[in-house]
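Following: one structure in structure tokens, then a few remarks.
The values are calculated or read from the model by the stated rules, or taken from the named source; none is laboratory data. Only a predicted model underlies this, so the values are computations on that prediction, with no experimental measurement involved. Positions of Cβ are generated from backbone atoms using ideal geometry, with glycine treated the same way; all protein chains shown enter the neighbour counts. For accessibility, only protein heavy atoms count, side chains too; no ligands or nucleic acids. Shrake-Rupley method; radii C 1.70, N 1.55, O 1.52, S 1.80 Å.
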Amino acid sequence: MKACRKGFPAPQTSFSHYGHVAVRLVLILVMLAALSAGFAQAQNATASSTLTAQAPDASATSTAGAPLTITLQDALQRARLTDPQYRSAITDLGLARQDRVQARAGLLPNLNYNNSFLYTQGTGPLPATCATTTNALTAACPNSRFIANNGVHEYISQADVHQVLSLTTLADYRRSSAALALSRAKAEVATRGLVVTVTAAYYGLVVAQRKYATAQRASSEASRFLDISQKLEAGGEVAHADVIKARIQAQQQQRDLQEAQLDMDRSRLDLAVLLFPDFNQDFTVVDDLQTPEPLPSFAEVEAAGKKNNPDLRAALAALAAANHEVTAAWGGLLPAFSLDYFYGIDSNEFAVRSHGIRNLGYSTVASLQIPVFSWGADRSKLKQAELRRDQAQVELSFAQKQLLSHLRQFFNEAETARSEMESLASSAEIAAESLRLTTLRYQAGESTVLEVVDAQNTLTQARNAYDDGQSRFRVAVANLQTLTGSF
């Protein structure tokens with residue numbers, strides 16, 4: 001290769017430079033193409049994920065348009081969140097639990113750290129007699145005007161361990177434990193009472209819906225019978241009085257249908273108040289009255305009632321709390337002992353050491369408080385506690401007798417309701433068959449219009465009685481379980 005002239009670059013060098021630039025441009029274009037493809041794939045993936053995410057939303061929207069289906073267990077769970085009486089009992093339980101924590105803290109040593117600065121006005125210039133060291137240390141030559149303080153500047157920075165020992169604090173802790181047991185029992189009473197309330201409202205709506213369906217069938221049957229009587233009158237087979245009676249029956253059934261609609265709406269509103277915080281009426285309930293639960297024997301019910309009855313536990317806990325209250329009142333008549341242990345700084349300078357002396361130190365104060373005279377207040381508190389204890393004993397005795405009475409009463413109610421269900425079901429079937437046969441006999445001219453109307457009314461009453469009987473059994477079982485718990 002020939003040498004180039006001075007000051008000009010070699011041709012090879014120039015071509016090599018442009019070649020590098022071209023290579024870099026190609027690489028940049030390739031990277032841009034790759035990024036564009038990746039971005040397109042990302043957009044496609046995002047679009048597909050968006051479509052995938054939209055599909056459940058569409059189904060959820062279609063599902064959200066349907067009424068909410070609620071079982072009895074769902075209704076109980078919802079009612080526990082919204083019922084004010086139940087929430088009040090749960091709140092009282094939480095308060096009682098915190099009361100016991102506070103009472104237990106009163107039995108244990110407490111630790112506090114105190115920091116104080118005391119300033120006392122100085123005496124000013126001292127007389128000449130206090131100039132000597134001997135006189136300056138005497139009481140006649142103080143360094144502050146208020147002798148209650150230890151100097152013009154006093155710094156206090158110390159920990160205090162405080163302990164109180166008395167019969168009252170111990171009795172208060174035991175009373176708080178009994179009060180906690182009482183609150184637990186009352187919360188259980190509220191829980192079981194809520195079950196009865198929700199069960200009655202829930203099956204009240206189920207029965208109201210059944211009665212509405214029965215009223216619809218009765219109205220349809222009355223309209224069909226009116227059509228039959230009109231056709232028979234047109235054929236000269238019955239008198240016009242039969243048509244009038246059939247028309248009156250059809251109008252009555254239409255009014256009964258309106259009343260059934262009103263009762264169903266009222267039952268729905270009552271249940272909605274218990275279940276929803278926002279008063280939602282767009283829901284349906286599950287009709288499970290066809291599967292009645294078994295009923296145990298009275299011996300099993302009595303044993304469960306004596307063991308698991310919350311009212312009895314509440315009465316026992318109330319008596320225990322009253323007894324501890326009497327003990328606490330007696331504690332007010334006895335001496336109380338307290339102990340304080342201080343460790344830290346109580347010095348004229350805020351320093352660990354000053355003038356070669358270590359300022360950190362400790363002191364102990366023990367106190368014995370002996371009650372002497374309180375104008376009869378302590379005796380009055382004791383009398384009040386004894387009166388509450390006597391009342392608690394009376395309430396416990398009454399709760400025991402009431403438990404035995406309610407056990408027998410609620411068990412008989414549930415047993416009777418269950419035994420009547422088969423009879424009520426049979427009566428409804430017989431009434432339906434009677435209406436069918438009576439209508440056929442009327443068409444054949446063998447029965448009167450009054451017999452047909454009576455058969456229609458009897459069928460409606462039998463169906464309603466059967467529905468009421470099934471609901472009555474469920475509510476009776478719920479009442480019985482307020483005394484025994486679930487079985």
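Some notes on this structure:
- Residue among Val195, Val207 that alone is in contact with a Ser or Thr (Cβ under 6 Å, 6 or more places away or on another chain), touching a residue at least 40 places away in the same chain (Cβ under 8 Å) and part of a helix (DSSP H, G or I): Val207
- Among the candidates Val243, Val301, Val326, Val286, residue that is touching a residue at least 24 places away in the same chain (Cβ under 8 Å) and either more than 30 Å from Ala185 (Cα to Cα) or touching a Pro at 6+ places or on another chain (Cβ under 6 Å) (or both): Val286
- The requirement of being touching a residue at least 24 places away in the same chain (Cβ under 8 Å), part of a helix (DSSP H, G or I), acidic (Asp, Glu) and closer than 15 Å to Gln443 by Cα is fulfilled nowhere in the stretch 224-240; no residue meets it.
- Check on Ser88, in a helix (DSSP H, G or I), modelled with pLDDT under 90, open to solvent by less than 80 Å² (accessible area, probe 1.4 Å) and of a type in the set (S, T, N, Q): no
- Here Gln249 fulfils each of the conditions (1) open to solvent by 70 Å² or more (accessible area, probe 1.4 Å); (2) over 17 Å from Glu446 (Cα atoms) apart from (1).
- Picking from residues in the stretch 337-358 that are under 30 Å from Leu170 (Cα atoms) and hydroxyl-bearing (Ser, Thr, Tyr), the one that is surrounded by the most Cβ atoms within 10 Å (Cβ to Cβ) is Tyr341.
- Applying the condition of being closer than 18 Å to Ala66 by Cα and open to solvent by 50 Å² or more (accessible area, probe 1.4 Å) to the stretch 269-279 and asking which residue is modelled with the lowest pLDDT yields Phe279.
- Qualifying position, being under 30 Å from Gly106 (Cα atoms), touching a strand residue (DSSP E or B) at 6+ places or on another chain (Cβ under 8 Å) and among the charged types (D, E, K, R), among Asp160, Asp172: Asp160
- Residue among Val207, Val238, Val152, Val198 that is hydrophobic (A, V, I, L, M, F, W, C), at pLDDT below 95, over 30 Å from Phe337 (Cβ atoms) and crowded, with 19+ Cβ neighbours inside 10 Å: Val238
- Meets criteria (at pLDDT 95 or above and touching a Phe, Trp or Tyr at 6+ places or on another chain (Cβ under 6 Å)) for Phe411: yes
- Pick from the stretch 112-131, criterion of a type outside the set (A, V, I, L, M), in a loop (DSSP other than H, G, I, E, B) and over 20 Å from Ala148 (Cβ atoms), ranking: most open to solvent (accessible area, probe 1.4 Å): Pro125
- Checked against the criteria, Gly361 does not count as of a type outside the set (S, T, N, Q), open to solvent by 50 Å² or more (accessible area, probe 1.4 Å) and more than 52 Å from the chain's Cα centre (by Cα).
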